[in-house]
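Visitor: Once you've had a glance at the structure underneath, I'll fire off some questions.
The values are calculated or read from the model by the stated rules, or taken from the named source; none is laboratory data. Being a predicted model, the structure only gives us computed values, none of them experimental. So basically every Cβ, Gly included, is an ideal-geometry build from the backbone, and we count neighbours across all protein chains shown. To get the accessible areas, we keep the full protein, side chains included, count just its heavy atoms, and leave off ligands, DNA and RNA. Shrake-Rupley method; radii C 1.70, N 1.55, O 1.52, S 1.80 Å.
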Amino acid sequence: MTTPIWQALLLTLLAAASSRRRFEGWLYLCQLDEYQPARLWRTASRRIRNNWRWQVTLAVGAIAMAVVAAWPGLSPRAIALLLAALLPRATDRPFGKRGELRWTARARRLAATAGAFTLVVLFLALWSGWPGAVGIGGIDLVIVAALSAAVGMSVPNERRRRRRYMRQAELRIKAVGPLVIGVTGSYGKTTTKLFLRQLLDSTDTPCFATPESFNTTLGVCRAINDGLRPEHRFAIVEMGAYRKGEIAEICSFTHPTMGIVTAVGVMHLERFRDRARIAEAKSELLAALPESGVAALPSDIAERERLTAPLRARPVWVGQPADRWWAEQLSVSPAGSHLRLRGSAGEDLQLSVPVHGEPIVADLLCAWAIAVELGISSATLAERAAGLVGAPHRLQVSQAGGITIIDDAYNSNPDGAAAALRLLASLPGHRRVLVTPGFIELGPLQEQSMRELGRQAAAVCTHVILVGKRQSASVAAGLREGGYPSSQLTVAADLEEAQRWLPQVAGAGSVVLFENDLPDSFLEPG
């Protein structure tokens with residue numbers, strides 16, 4: 001028996017109001033997932049699985065209301081559907097989030113389209129009577145499906161906008177005429193970009209660099225269109241990739257002459273499926289360089305042959321003795337790193353730089369190599385290197401209340417975490433504390449890598465605070481395998497709780513490493 005249309009309309013509006021917070025939450029997660037439906041569905045699967053108790057409560061409540069609504073008589077049906085419409089709000093337990101939805105033009109367009117889809121589905125379900133209650137029980141899936149459909153419908157329009165922004169950026173580069181240097185890699189690209197900008201930038205040779213982590217096609221377009229000025233002689237473009245073809249697309253309108261590939265690691269392995277595909281994606285920058293160009297690369301980079309297969313430009317290798325540049329005698333202190341920089345042409349310099357750790361040195365070598373190729377003297381570079389500032393949350397060392405803090409919270413990976421633990425072990429301190437949720441998006445290597453992190457931490461740390469019971473379970477297993485005492489392990493629900501625990505396990509004279517911080521789409525429910 002169908003519901004009167006006027007009742008169905010009122011119930012639809014009520015259900016929509018009850019689901020508003022869920023809708024905005026899913027739109028926020030869709031934005032974090034860069035409006036890619038496949039990534040959104042993975043996030044949805046993870047969120048619903050972690051939040052299963054409230055999802056079951058919603059489903060059971062909806063089925064119960066459906067049974068009552070199917071009962072003969074108008075009053076029970078109307079009351080049951082009314083209660084069903086209120087269930088989404090009553091059972092909403094979203095992940096805690098640190099960021100906020102950005103109401104960009106694209107977000108508003110998607111909200112309007114997906115909202116219309118959701119309203120139509122709710123109305124049809126509620127108009128049909130008791131099946132409407134069942135439909136409300138699956139409101140999260142309805143919203144995710146509506147957002148995915150809205151993204152799909154927007155593809156032609158977004159492609160046109162994308163091409164227009166790319167063309168604007170290309171014309172801006174052509175008008176200014178800077179020498180373009182592309183920087184990519186599984187990790188280290190933002191730090192390398194910042195180092196290179198600081199080594200190149202001067203009154204005579206102003207240097208532009210894409211800001212922060214603007215490394216997607218649209219992010220690069222926006223950065224160039226808003227920030228590239230006629231006085232810029234160099235333009236450094238950071239290039240990221242979640243799938244094959246993205247770096248090639250950025251190169252198609254930036255036209256780099258020189259390039260750096262910092263690393264081929266296992267970050268985002270869940271998306272690429274194997275390291276060979278990651279190397280192929282990064283090689284798109286090398287393929288875009290002209291024969292007259294130059295590429296700087298660490299000589300121990302993974303998948304070297306596959307990575308450099310399309311390279312026509314001249315390679316400049318760094319990192320190992322007999323390469324063009326390498327470092328020796330690295331030592332660290334809270335103030336920074338000291339190293340001996342050697343070159344194949346006989347260069348031999350002592351450098352003190354206010355940054356820390358082995359990965360940072362590798363990034364510096366790549367930036368240094370490009371700067372030398374552009375004609376800057378080693379003496380000038382050494383002077384500029386003494387004032388280098390690294391990227392936020394990448395092995396940043398600071399002091400607070402007598403505690404040395406190593407902030408390596410940005411987008412951790414197994415290689416970087418191992419280096420961060422070595423830095424933790426090398427800095428002076430009577431207590432060494434690790435705060436971490438572990439890793440994400442490592443696909444088949446996730447479990448193994450998390451356990452290895454636990455085993456490595458067991459050999460270094462006097463106390464470990466894990467963030468997220470489910471997320472960090474494999475790290476805890478690795479700690480146990482390493483013989484780590486359970487009395488020195490704390491598991492916090494979130495980073496805020498972890499920080500509340502810190503004063504109890506770390507006092508003045510301690511060293512604390514914050515390794516990784518999960519994006520909001522991976523946060524566990526409270």
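Visitor: On the given criteria, is THR210 crowded, with 24+ Cβ neighbours inside 10 Å, in contact (Cβ under 8 Å) with a residue 40 or more places away in the chain and of a type in the set (Ser, Thr, Tyr)?
Guide: When the stated conditions are applied, THR210 does not pass them.
Visitor: Could you please let me know if GLN320 is in contact with a helix residue (DSSP H, G or I) (Cβ under 9 Å, 6 or more places away or on another chain) and closer than 25 Å to LEU381 by Cα?
Guide: For GLN320, the condition - in contact with a helix residue (DSSP H, G or I) (Cβ under 9 Å, 6 or more places away or on another chain) and closer than 25 Å to LEU381 by Cα - is not met.
Listed here are the residues, each with its yes/no results for (1) at positive phi; (2) open to solvent by less than 60 Å² (accessible area, probe 1.4 Å); (3) touching a residue at least 12 places away in the same chain (Cβ under 8 Å).
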{"position": "ARG21", "(1), (2), (3)": "no, no, yes"}
{"position": "TRP41", "(1), (2), (3)": "no, no, yes"}
{"position": "ARG53", "(1), (2), (3)": "no, no, no"}
{"position": "ALA69", "(1), (2), (3)": "no, yes, yes"}
{"position": "ARG89", "(1), (2), (3)": "no, no, yes"}
{"position": "GLY99", "(1), (2), (3)": "no, yes, yes"}
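Visitor: Go through the stretch 467-481 residue by residue and tally those that are of a type in the set (Gly, Ala, Ser) and under 23 Å from the mean Cα position of the chain (by Cα).
Guide: Taking the stretch 467-481 first, the residues of a type in the set (Gly, Ala, Ser) are 468, 472-474, 476-478.
Now narrow it down to the ones that are under 23 Å from the mean Cα position of the chain (by Cα): 468, 472-474.
So the answer is 4.
Visitor: Can you go through THR104, THR113 and tell me which one is surrounded by 15 or more Cβ atoms within 10 Å (Cβ to Cβ) and not hydrophobic (A, V, I, L, M, F, W, C)? Before you say what the answer is, go through the steps one by one.
Guide: Details: THR104 fails: surrounded by 15 or more Cβ atoms within 10 Å (Cβ to Cβ).
Only one candidate passes the filter, namely THR113.
Visitor: Considering each residue of the stretch 484-494, count those that are closer than 20 Å to ALA417 by Cα and either in a loop (DSSP other than H, G, I, E, B) or open to solvent by less than 50 Å² (accessible area, probe 1.4 Å) (or both), and give that number.
Guide: So the count comes out to 5.
Visitor: Let me ask something else about it. Tell me, which residue of the stretch 184-201 that is of a type in the set (Lys, Arg) and open to solvent by 20 Å² or more (accessible area, probe 1.4 Å) is modelled with the highest pLDDT?
Guide: In this case the residue turns out to be ARG197.
Visitor: If you don't mind, there's one more thing I want to ask. Does any residue in the stretch 449-471 that is under 16 Å from THR490 (Cβ atoms) come within less than 6 Å, Cβ to Cβ, of a residue that is open to solvent by 10 Å² or more (accessible area, probe 1.4 Å) and assigned to a strand (DSSP E or B) six or more places away or on a different chain, and which pairs are these?
Guide: Matching pairs, first to second residue: CYS461/ARG432; THR462/ARG431; THR462/ARG432; VAL464/LEU489; ILE465/THR490; LEU466/VAL491; LYS469/VAL491.
Yes/no matrix, rows are residues, columns are (1) surrounded by fewer than 22 Cβ atoms within 10 Å (Cβ to Cβ); (2) without any contact (Cβ under 8 Å) to a residue 60 or more places away in the chain:
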position	(1), (2)
VAL144	no, no
GLY152	yes, no
GLY182	no, no
THR203	yes, yes
ARG222	yes, yes
HIS232	yes, yes
TYR242	yes, no
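Visitor: When the stretch 474-483 is examined, which residues are found to be crowded, with 22+ Cβ neighbours inside 10 Å and either assigned to a loop (DSSP other than H, G, I, E, B) or of a type in the set (A, V, I, L, M, F, W, C) (or both)?
Guide: First, pick out the residues of the stretch 474-483 that are crowded, with 22+ Cβ neighbours inside 10 Å: 475, 478-479.
VAL475, LEU479, listed by residue number.
Visitor: Would you confirm, using the coordinates I've provided, whether GLU452 is surrounded by 17 or more Cβ atoms within 10 Å (Cβ to Cβ) and over 19 Å from ASP517 (Cβ atoms)?
Guide: Taking the combined requirement at face value, the residue satisfies it.
Visitor: Here is a follow-up. Would you check which residues across the stretch 455-473 are closer than 22 Å to ASN51 by Cα, surrounded by fewer than 19 Cβ atoms within 10 Å (Cβ to Cβ) and in contact with a Gly (Cβ under 9 Å, 6 or more places away or on another chain) and list them?
Guide: We begin by selecting, within the stretch 455-473, every residue closer than 22 Å to ASN51 by Cα; these are 466-473.
Now restrict to residues that are surrounded by fewer than 19 Cβ atoms within 10 Å (Cβ to Cβ): 469-470, 473.
If the condition is that a residue be closer than 22 Å to ASN51 by Cα, surrounded by fewer than 19 Cβ atoms within 10 Å (Cβ to Cβ) and in contact with a Gly (Cβ under 9 Å, 6 or more places away or on another chain), then ALA473 is the only one that fits.
Visitor: Tell me, please, whether a residue that is modelled with pLDDT under 95 and either aromatic (Phe, Trp, Tyr) or closer than 19 Å to ARG162 by Cβ (or both) can be found in the stretch 246-264.
Guide: Checking the stretch 246-264: at least one residue is modelled with pLDDT under 95 and either aromatic (Phe, Trp, Tyr) or closer than 19 Å to ARG162 by Cβ (or both).
Visitor: Quick one: would you say ILE173 is open to solvent by less than 50 Å² (accessible area, probe 1.4 Å), part of a helix (DSSP H, G or I) and touching a His at 6+ places or on another chain (Cβ under 9 Å)?
Guide: It is true that ILE173 is open to solvent by less than 50 Å² (accessible area, probe 1.4 Å), part of a helix (DSSP H, G or I) and touching a His at 6+ places or on another chain (Cβ under 9 Å).
Visitor: With respect to GLU238, determine if the residue is open to solvent by less than 20 Å² (accessible area, probe 1.4 Å) and among the charged types (D, E, K, R).
Guide: yes
Visitor: Sticking with this structure for a sec: So if I check each of LEU147, LEU110, LEU126, which one is modelled with pLDDT under 90, in contact with a helix residue (DSSP H, G or I) (Cβ under 6 Å, 6 or more places away or on another chain) and part of a helix (DSSP H, G or I)?
Guide: Going through LEU147, LEU110, LEU126 in turn, the sole match is LEU126.
Visitor: Output the number of residues of the stretch 366-417 satisfying the condition of being without any contact (Cβ under 8 Å) to a residue 60 or more places away in the chain and open to solvent by 20 Å² or more (accessible area, probe 1.4 Å).
Guide: 13
Visitor: Give GLU231, GLU212 a once-over and let me know the one that is at positive phi and in a loop (DSSP other than H, G, I, E, B).
Guide: Being at positive phi and in a loop (DSSP other than H, G, I, E, B) holds for just one of GLU231, GLU212, which is GLU212.
Visitor: Another question about this same structure. Restricting attention to the stretch 265-299, and to residues there that are among the β-branched types (Val, Ile, Thr) and out of contact with any strand residue (DSSP E or B) (no Cβ under 6 Å at 6 or more places or on another chain), which single residue is modelled with the lowest pLDDT?
Guide: VAL266
Visitor: So, of the residues in the stretch 418-449 that are open to solvent by less than 20 Å² (accessible area, probe 1.4 Å) and in a strand (DSSP E or B), which turns out to be farthest from PHE514 (Cα to Cα)?
Guide: VAL433
Visitor: Only residues that are aliphatic (A, V, I, L, M) and part of a loop (DSSP other than H, G, I, E, B): list them for the stretch 355-377, please.
Guide: Correct list: VAL355, LEU374, ILE376.
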